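Scroll down for the structure; my scribbles are underneath it.
The values are calculated or read from the model by the stated rules, or taken from the named source; none is laboratory data. Source: prediction; values computed, not measured. Neighbour counts run over all protein chains shown; Cβ positions are idealised from the backbone, glycine included. When the accessible area is computed, the model is the full protein with side chains, heavy atoms only, and any ligands, DNA or RNA have been set aside. Shrake-Rupley method; radii C 1.70, N 1.55, O 1.52, S 1.80 Å.
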Amino acid sequence: MDSQPYISIIFSGRNDNYGGDFNYRLQNTVNWYAYWVEKYQLHTELLIVNYNPIPDAPGLEEMISWPKGRKYLEIKLLHVPGSIHKEYVNLSIRKTVPLFEFIAKNLAIPRAKGEFILCTNADILFSPSIFEWISKRQLKPGILYRSDRYDFKNSKSFKWPENDEEYESFELDLERHVFKFFIHGGIYRLSFPKNIDLRKKLFSFYQSIRTYYYTRFTWIPIIREVRILPMIPKEQLFFFKYHCNAAGDFALMGKQDWMDIRGYLEDTWISTHTDSLQVLSSVFSGKKIEVLPFPCYHQHHERRYDFIKKNPDMDIMQKRLNESYAQMESTKQPIINDNDNWWLPGHNLQITTI
């Protein structure tokens with residue numbers, strides 16, 4: 001294996017089986033990465049942040065059956081003990097939860113060995129085309145690469161691939177189970193027609209009309225007064241300009257680009273919209289956004305926060321996002337962490353290789 005991997009893939013987790021099936025989802029993801037990384041001979045470091053593990057319980061490393069015989073995929077665990085987690089517990093800054101997702105990723109970014117770093121989540125499967133595309137080693141610095149997210153209905157009765165032939169055809173099975181799309185400018189639920197390309201064309205057509213309407217007409221006073229269609233607050237129109245949707249599931253940049261923006265902001269109340277802030281900080285730091293033509297797939301599960309349900313914590317973060325964008329647009333400057341301690345360089349965190 002190369003001394004330096006071309007790409008590091010980072011996500012976080014802990015030994016609490018979050019959602020009742022975290023271990024199951026993680027196992028699917030690890031198996032998926034191993035197959036495609038080996039097929040495309042893509043030198044990859046998978047750096048999993050083992051964050052604030054439950055003491056006196058089996059560790060994350062014991063809960064997964066790690067793929068054997070790997071030549072190109074190196075799997076590592078970055079251990080963040082509960083004592084470090086306690087240093088971040090501060091109710092005047094952030095809501096206390098067992099896992100501070102983006103702080104966990106920040107701790108991994110500078111410690112990763114890859115030339116490029118892809119921050120994602122433990123239940124995300126990248127389209128095989130993404131692995132093939134990255135394996136061509138044509139990534140460029142100064143670009144934030146994004147991908148649309150497709151949610152598919154997952155269950156323990158879902159048949160996962162067991163051999164090469166099944167892996168090669170499995171994306172077609174995923175597409176048949178997709179029911180929700182997180183694309184640039186909108187979130188859509190649609191389980192039919194079964195032809196996913198047709199659904200994407202419908203979304204693209206509708207989104208072009210929607211974008212034209214909201215960005216050109218809804219601010220005419222009479223239209224707002226009559227409310228011909230539901231209104232979107234003017235301060236949120238940047239969602240049509242920048243692909244902030246499900247940004248935590250696929251954020252790929254050069255390592256130095258991540259260092260330039262000092263990772264994810266750490267003074268956010270909850271994780272929701274912290275990834276959107278990262279997109280905006282990247283843009284106002286001079287990074288370009290390139291949206292890949294290939295999706296990433298999310299293993300659907302119950303979540304702490306749901307965008308269709310009103311929640312005061314999410315309201316706090318929406319307000320923060322709106323205000324931060326207004327500030328960055330006004331000053332033409334990014335909002336980033338204000339010190340160099342964002343990744344705890346003074347702490348010698350343990351890294352073990354699986």
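Would it be correct to say that Ser129 is of a type in the set (Ser, Thr, Tyr), part of a helix (DSSP H, G or I) and under 30 Å from Lys39 (Cβ atoms)? It is true that Ser129 is of a type in the set (Ser, Thr, Tyr), part of a helix (DSSP H, G or I) and under 30 Å from Lys39 (Cβ atoms).
Quick one: is Leu292 in contact (Cβ under 8 Å) with a residue 12 or more places away in the chain, on the phi < 0 side of the Ramachandran plot and surrounded by fewer than 19 Cβ atoms within 10 Å (Cβ to Cβ)? So Leu292 passes the test.
Determine if the stretch 120-140 includes at least one residue that is more than 19 Å from the chain's Cα centre (by Cα), of a type outside the set (Ser, Thr, Tyr) and closer than 21 Å to Asn341 by Cα. The answer is no, given that none of the residues of the stretch 120-140 is more than 19 Å from the chain's Cα centre (by Cα), of a type outside the set (Ser, Thr, Tyr) and closer than 21 Å to Asn341 by Cα.
Across the stretch 50-69, the qualifying residues are those that are among the hydrophobic types (A, V, I, L, M, F, W, C) and open to solvent by less than 60 Å² (accessible area, probe 1.4 Å), and the one among them that is farthest from Ala108 (Cα to Cα) is Ala57. The numbered conditions (1) part of a loop (DSSP other than H, G, I, E, B); (2) at pLDDT 95 or above are all true for Tyr150 except (1). Candidates in the stretch 153-188 are the residues that are farther than 28 Å from Tyr242 by Cα, of a type outside the set (S, T, N, Q) and assigned to a loop (DSSP other than H, G, I, E, B); of these, the one that is farthest from the chain's Cα centre (by Cα) is Glu162.
For the stretch 319-354, how many residues meet the condition of being buried (at least 17 other Cβ atoms within 10 Å of the Cβ), of a type in the set (S, T, N, Q) and farther than 27 Å from Glu45 by Cβ? Selection size over the stretch 319-354: 1.
For the stretch 237-354, which helices (runs of 4 or more DSSP H) that fit wholly inside it have 3 or more residues that are touching a Leu at 6+ places or on another chain (Cβ under 7 Å) and of a type outside the set (A, V, I, L, M, F, W, C)?
Because the criterion is at least 3 residues that are touching a Leu at 6+ places or on another chain (Cβ under 7 Å) and of a type outside the set (A, V, I, L, M, F, W, C), the helices (runs of 4 or more DSSP H) in the stretch 237-354 that meet it are 274-284.
Restricting to the stretch 251-266, count the residues that are over 17 Å from the mean Cα position of the chain (by Cα) and hydrophobic (A, V, I, L, M, F, W, C). Total satisfying the criteria: 1.
Among the residues of the stretch 35-49, those that are in contact with a Pro (Cβ under 6 Å, 6 or more places away or on another chain) and open to solvent by less than 10 Å² (accessible area, probe 1.4 Å) comprise Trp36, Thr44, Glu45.
Within the stretch 128-135, the presence of at least one residue that is open to solvent by less than 10 Å² (accessible area, probe 1.4 Å) and among the aromatic types (Phe, Trp, Tyr) is confirmed. Among helices (runs of 4 or more DSSP H) entirely within the stretch 35-120, having at least 3 residues that are under 26 Å from Ala246 (Cα atoms) singles out 101-108.
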